[in-house]
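Asker: Please see the structure below; I have some questions.
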Amino acid sequence: MNGGKYETAHTHSPAYVVTLRHLQSYLLFKSSESMKQSFVFLAEGFELIEAMTPVDVMRRAGLDVKTVSITSSRVVKSAQEVSVNADLIFDPTLFKNPAWLILPGGMPGATNLYEFAPLAGLLKNQMNSADGRIAAICAAPAVVLGQLGLLKGRSATCYPGFEHLLTGAKFTDAPVVCDDKFVLGNGPANALNWALEIVSQTLGRTPAEHVAGGMLAFRNCNEIENYFG
């Protein structure tokens, strides 16, 4: 206090202004990220838990994610013989600057995804885009992304037995592997970890922890590191 007035010189210091601008830019960026659509692609024989988990987790985080059938019908049957009514059919859908393209595993689901040429083109465009990202799990990293040559020079994981299809990639025996534009998971039991990592990569660690906590993914703060190293 000076002459009955509070000192506020530090309130508008250059460092404060720069920090505030960075924070505003960050929040604006995250807001734009949350408004972009993401897509989970369903083919006959997909792994149910690997398709539904990212949909559930991402929607809990407020992200806009849609399921897309690559067949001519919105109803797609999983490897577990569960029929799912997809939000969209691939053919008439416009995929304009998507945030994430997401590939569940399962067989023959992963093979069906790989053999669907329009999806292959979309994945290649996504990889070459400025900020588009791709997530895949189980057999899909190898059967789809590996065989398309999209993982060359990158670290990758996949379901055991499919490693030979990770063309040019460095296999890492880990539940979830992140490398630049890619978030990859190794199997059904780690679908939750994988989906939480997608949220973390999109919105940051804190929102991902909030979603995980609400789902009781960990019981105390010491267990957070199991999901976010």
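Residue by residue, here is whether (1) of a type outside the set (Asp, Glu); (2) within 24 Å of SER72 (Cβ to Cβ) holds:
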| position | (1), (2) |
| --- | --- |
| ALA120 | yes, yes |
| ALA130 | yes, no |
| THR157 | yes, no |
| ASP173 | no, no |
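Asker: Moving on. What strands (runs of 3 or more DSSP E) lie completely within region 53-94 and have 1 or more residues being out of contact with any Cys (no Cβ under 6 Å at 6 or more places or on another chain) and in contact (Cβ under 8 Å) with a residue 40 or more places away in the chain?
Answerer: Counting at least 1 such residues, we get 83-85.
Asker: Follow-up. Tally up the residues in region 104-117 that are outside any helix (DSSP H, G or I) and under 24 Å from ALA195 (Cβ atoms), please. Lay out the reasoning, then the answer.
Answerer: Quick first cut of region 104-117, residues outside any helix (DSSP H, G or I) only: 104-108, 115-116.
Pick out the ones that are also under 24 Å from ALA195 (Cβ atoms) and you get 104-108, 116.
Result for region 104-117: 6.
Asker: Of the residues ALA142, ALA120, ALA136, which is part of a helix (DSSP H, G or I) and crowded, with 20+ Cβ neighbours inside 10 Å?
Answerer: Numbers: ALA120 fails: crowded, with 20+ Cβ neighbours inside 10 Å; ALA136 fails: part of a helix (DSSP H, G or I).
Going through ALA142, ALA120, ALA136 in turn, the sole match is ALA142.
Asker: With LEU148, LEU192 as the choices, which residue is over 23 Å from PRO108 (Cβ atoms), of a type outside the set (Lys, Arg) and modelled with pLDDT of 95 or more? Reasoning before the result, please.
Answerer: On the way: LEU148 fails: over 23 Å from PRO108 (Cβ atoms).
Unique residue meeting the criteria: LEU192.
Asker: Sticking with this one: Being surrounded by 12 or more Cβ atoms within 10 Å (Cβ to Cβ), at negative phi and among the charged types (D, E, K, R) is the requirement here; does LYS96 meet it?
Answerer: So LYS96 does not fit the description; no.
Asker: Would you mind finding the one in LEU101, LEU151 that is surrounded by 20 or more Cβ atoms within 10 Å (Cβ to Cβ), assigned to a loop (DSSP other than H, G, I, E, B) and of a type in the set (A, V, I, L, M, F, W, C)?
Answerer: LEU151
Asker: Hey, could you check region 32-85 for residues that are over 24 Å from GLY132 (Cα atoms) and basic (Lys, Arg) and say which is surrounded by the fewest Cβ atoms within 10 Å (Cβ to Cβ)?
Answerer: ARG74
Asker: Taking region 161-187 only, how many residues are more than 15 Å from the chain's Cα centre (by Cα) and either without any contact (Cβ under 8 Å) to a residue 24 or more places away in the chain or within 18 Å of ARG133 (Cβ to Cβ) (or both)?
Answerer: Number of matching residues: 13.
The values are calculated or read from the model by the stated rules, or taken from the named source; none is laboratory data. Everything quoted here is computed from the prediction, not taken from an experiment. Cβ: placed from backbone, ideal geometry, glycine included. Neighbour counts: every protein chain shown.
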